[in-house]
1. In region 8-54, which residues are closer than 26 Å to T88 by Cα, within 16 Å of the chain's Cα centre (by Cα) and touching a residue at least 40 places away in the same chain (Cβ under 8 Å)?
2. Looking only at residues that are of a type in the set (V, I, T) and at pLDDT below 90 in region 79-117, which one is surrounded by the most Cβ atoms within 10 Å (Cβ to Cβ)?
3. Tally time: how many residues in region 26-39 are surrounded by fewer than 16 Cβ atoms within 10 Å (Cβ to Cβ) and in a helix (DSSP H, G or I)?
4. Any idea which of A61, A76, A42 is of a type outside the set (D, E), loosely packed, with under 14 Cβ neighbours inside 10 Å and at pLDDT 95 or above?
Amino acid sequence: MRRQLREIGPLAVVISGFLLWSAAFLAIYGAQATGCSLGWNAEILVGPLTVQRAVLIALFAVVLAGHVGLLVRSTAWTTVDGRPETGTADFMRKAASRLALLSAAASAVCFAGVIWLTPC
């Protein structure tokens, strides 16, 4: 983990939560539009669950799992030598963990509708 942070840079760690949110936005709404045009909402899997809703819920679950992973990694961020962080490093760690939490909340609010809203 420590080596990875040095390679990708602290700023990438700070913005990674909202990069995940934007990728999820494109994937979920792309799948929604594709499913509507291909008629996935008419293909029933089990009970009221359609193929389109199953795909959207699966994408939503993957996104939430990604956010949990980011939260865990951003709170476990340590310095290379294991000493307490000071100055800029401490600020970047706090910013990364708080922005990861905010992006997880944004994803939960924005994409939870795939569970109950009409897809098309």
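1. Across region 8-54, the qualifying residues are V13, V14, I15, S16, G17, F18, L20, W21.
2. If we take residues in region 79-117 being of a type in the set (V, I, T) and at pLDDT below 90, then T79 is surrounded by the most Cβ atoms within 10 Å (Cβ to Cβ).
3. 8
4. After ruling out the rest, the residue left standing is A61.
Condition check ((1) under 18 Å from A112 (Cβ atoms); (2) not in a helix (DSSP H, G or I)) across all residues:
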| residue | (1), (2) |
| --- | --- |
| V14 | no, no |
| W21 | yes, no |
| A24 | yes, no |
| L45 | no, yes |
| R53 | yes, no |
| A58 | yes, no |
| V63 | yes, no |
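The values are calculated or read from the model by the stated rules, or taken from the named source; none is laboratory data. A quick note: this is a predicted structure, and the numbers were derived from the prediction, not measured. Note: ideal-geometry Cβ built from the backbone for every residue, glycine included; neighbour counts use all protein chains shown.
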